[in-house]
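One structure is given below, encoded as structure tokens.
The values are calculated or read from the model by the stated rules, or taken from the named source; none is laboratory data. Note that the structure is predicted; figures quoted are calculated from it, not measured. All Cβ positions, even for glycine, are placed from backbone atoms using ideal geometry, and neighbour counts span all protein chains on display. Note: accessible area is taken over every heavy atom of the protein model, side chains too, but ligands, DNA and RNA are not part of it. Shrake-Rupley method; radii C 1.70, N 1.55, O 1.52, S 1.80 Å.
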Amino acid sequence: MHEYTSSARVWGLSCPGFPEEVSRARRWTRDILRGSPLAEDAELIVSELSANAILHTASGQTSGSFHLALAVSPQVIALSVTDDGGTGTAPKVDHQGQEAEHGRGLGMVSALAHRVVVHDSQSGHTVTAELFTEVGLAGGHPC
């Protein structure tokens, strides 16, 4: 995980696991990052990670929830979505064919982000996508 400087600002939001909460998560991200050239990519990433939490984990079940964290420093924007778990495996990037109806979400996230990290614990999974604001941090191009 990238080391965030002491100048990083961090926001958090908890949402019930309802599909309409994905648009709330998108708006929340857009409002915080208003004016940033990375706001649109961040909004897409949060949308995809939130939808995945609802569709593929216990977050989408009765009384389920998912949690967002957004850290912004001069070097990086880090977007994290933590789900309620309940699946046998951690989220992973699958490279699906163009005809696939499902399974391309984390692939899209990893194409937009400079780095994607998945942490799993007994209480759920956290997927963090990092967008570097300084090109030098990414080695000149995204992974």
Of the residues in the range 3-42 that are touching a residue at least 40 places away in the same chain (Cβ under 8 Å) and among the acidic types (Asp, Glu), the one that is nearest to Val109 (Cα to Cα) is Asp41
Might you let me know whether the range 18-32 holds any residue that is open to solvent by less than 70 Å² (accessible area, probe 1.4 Å) and assigned to a strand (DSSP E or B)? no
Here the residues within the range 33-51 that are part of a helix (DSSP H, G or I), open to solvent by less than 40 Å² (accessible area, probe 1.4 Å) and not β-branched (Val, Ile, Thr) are Ala39, Ala42, Glu43, Ser47, Leu49, Ser50, Ala51
Boolean, Gln61 is modelled with pLDDT of 90 or more, of a type outside the set (Phe, Trp, Tyr) and over 24 Å from Glu21 (Cβ atoms): no
